[in-house]
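Nothing in this text is a laboratory measurement; each read-out follows from the coordinates by a stated rule. In this text, all values refer to a predicted model and were calculated from it rather than measured experimentally. Every residue, glycine as well, gets a Cβ built from its backbone with ideal geometry; the counts of neighbours run over all protein chains shown.
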Amino acid sequence: MPPRFSSSALWAGVGLIAVSVYFFLAAISLISPPATEVVASLLSAVIGFVMLSAGTSLIRTYVISRVAEQDQTKKT
């Protein structure tokens with residue numbers, strides 16, 4: 001039985017986490033003086049948080065899928 005989630009899900013999760021760090025850094029730079037753009041900074045932080053959540057969910061799902069696959073092969 002082929003794995004439900006391939007290693008591309010793992011790399012996509014890592015990529016989403018890396019991009020979310022960029023958005024968090026952009027949020028910090030937007031709120032810092034002399035350019036205090038609060039709305040853009042908050043939007044960037046929200047986008048970063050959503051991407052971080054999606055990335056961690058992908059990685060967690062990949063790990064759970066691998067563990068379940070290994071557990072199933074041990075039972076047979």
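Classify segment 7-75 as rounded, prolate or oblate from the Cα gyration tensor: take a ≥ b ≥ c as the square roots of its eigenvalues, call it rounded if a/c is under 1.5, otherwise prolate when a/b beats b/c and oblate if not.
Prolate shape, in that a/c is at least 1.5 and a/b is the bigger ratio.
Where the only charges are on Cβ atoms (+1 Lys, Arg; -1 Asp, Glu), what is the dipole of the chain about its Cα centre, to the nearest 20 debye?
Charge dipole, the chain, about its Cα centre: 400 debye, nearest 20.
Please rank Arg66, Arg60, fewest neighbouring Cβ atoms within 10 Å first, as an exposure proxy.
With the sparsest Cβ surroundings first, the list reads Arg60, Arg66.
Working from Cα positions, state the angle (0 to 90°, nearest 10) between the long axis of helix 38-75 and the longest principal axis of the chain.
The angle comes out near 10 degrees.
Once the Cα atoms of helix 7-31 and of the chain are each reduced to a long axis, what angle between those two axes, in degrees from 0 to 90 to the nearest 10, is obtained?
10 degrees
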